[in-house]
Structure formats: C-alpha cells, structure tokens
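Everything below concerns the one structure shown next.
The values are calculated or read from the model by the stated rules, or taken from the named source; none is laboratory data. This structure is a prediction, so every number in the text was calculated from the model and none was measured. Glycine also receives a Cβ, built like all others from the backbone with ideal geometry; neighbour counts cover every protein chain displayed. Ligands, DNA and RNA are excluded from the accessible area calculation, which covers all protein heavy atoms including side chains. Shrake-Rupley method; radii C 1.70, N 1.55, O 1.52, S 1.80 Å.
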Amino acid sequence: MAGRLLDDDPRAALTHARAARQRAGRIAVVREAAGITAYHAGEWAEALSELRAARRMSGGTGLLAVMADCERGLGRPEKALELGRSEEARKLTGDEATELRIVLAGARMDLGQYDQAVVTLQTPDLDPERTGTPAARLFYAYADALVAAGRTEEGLQWFLHSAGADIEGVTDAEERVEELTGESL
C-alpha cells in the first residue's frame, strides 16, 4: 500500500510503511521501503535511520545517494560528501554512481562551492546525445551548477539538453530555459 500511495500521498504511504516496519522490522526490504517512503515524505532523520538499517541487513550500496541526500536534508552537506568518499561509493557504477554525483554536487552547492559542483558532474556520462530520465537529471544538475557558478550561457545549453533528453517529463528544464531567456520554447 505504501508503494501505491507514495506519489499521491507520501504521508499516508509513510503511515503504511511504519505499520509494516512494526510488523516485520527485521526484514531488509521492509526497512528499505520504510526509508524510501520517509524520504519522500521529507522525514530525513527517519529515512536515514531506516536506510542505514536496511544497508546493514542487506549489505547493498544502492541506497547511498538517498542516504547522502537525507544528510543534505538534515543540513549536513559535509556528511553527504563523506558518504561520497566512502569505499562503498567507489564501487557504484552506472545510474547509481550518477545519482550520487548529482547529490554530491548539490552538497557542494549547499556549501557555496559552485565550481566544485560543476567539476563533480563532469563525467563521460555528460553526453548530450543521451536521452532518458538519468541523462535528463544529470544534464539538469549540471546546468543548475553552471548557472550557480555564473556560467549562465553554458547552463542554458545544458538545460536545453536536459529538456531534449527528458522524455518522461521529470524535470522543469523547459521552464528554466524560459526563466533564463524570457522566451517560451
């Protein structure tokens, strides 16, 4: 039920996830679901606690980006960066590694380190020919970091790349382009 409600009513989903945790708290997937649900409801401390428990139980690294983002939500970007330097982080590949880089760039921006945020996102995955949600999110984060670093023209180009890659409509890249140019697409 938590999964069904997550997008429309994260608070109600969290109530269901908490009930599941009370009944089956020793099952890693239940703790992971409770953590992800708490994350979507903005309950950063609870989410972090649940995700840590799930990670201890299952040993996976796939929750690292969400955990780092919880640290940011708690106002601890330095802790997010520590997670990004961990041995587990070095083992991430593909979309998981990209997602962690996006979070780490956000942590750099939280600290006012805009140029470092830009560098954090510069990887071979930053290929404007790519499409899909992971590419759109990466391009968007890169564009946002460029704009924050005072490189607005480059940022505008990457917002356009993000809009082109965003076939599922997960970003507001088109709106950001309109905001930066004053013209609609």
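Just to verify a number: FRET efficiency for Ser58 and Glu129, C-beta to C-beta distance, R0 = 45 Å, to 0.05?
About 0.80, to the nearest 0.05.
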(request) Counting other Cβ atoms within 10 Å, keep those with at most 16, restrict to DSSP loop, and tell me which GluC sites (Glu not before Pro) in the stretch 102-185 are left. (result) Glu129, Glu168, Glu183
(request) Please state the charge dipole magnitude for the stretch 51-185, taken about the Cα centre, from unit charges on C-beta atoms (+1 on K and R, -1 on D and E), reported in debye and rounded to the nearest 20. (result) 920 debye
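Are there any trypsin sites (Lys or Arg not before Pro) in the stretch 79-143 that are in a DSSP loop and have at most 11 other Cβ atoms within 10 Å? List them by number.
Sites meeting the loop and neighbour criteria: Arg85.
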(request) Report, in degrees rounded to the nearest 10, the 0 to 90 angle that the Cα long axis of helix 28-40 makes with the longest principal axis of the chain. (result) 50 degrees
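Using C-alpha positions alone, give me the convex hull volume of the chain per residue in cubic angstrom.
119 Å³
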(message) With 15 Å as the cut-off, how large is the P(r) tail for the stretch 76-149, expressed as percent of Cα-Cα pairs?
(response) 50 percent
(request) Measure nothing but the geometry: give the 0 to 90° angle between the long axis through the Cα atoms of 10-24 and the longest principal axis through the Cα atoms of the chain, rounded to 10°. (result) 40 degrees
(message) For Cα pairs less than 8 Å apart in space and 6+ apart in sequence, what is the mean separation divided by the residue count of the stretch 1-145, i.e. the relative contact order in percent?
(response) 14 percent
(message) Angle check, please: helix 44-58 long axis (alpha carbons) against the longest principal axis of the chain (alpha carbons), in degrees 0 to 90, nearest 10.
(response) 70 degrees
(message) Just to make sure I understand: if all protein chains stay in place, what is the order of Ile27, Ile102, Ile36, Ile167 by accessible area at 1.4 Å, largest first?
(response) Ile167, Ile27, Ile36, Ile102
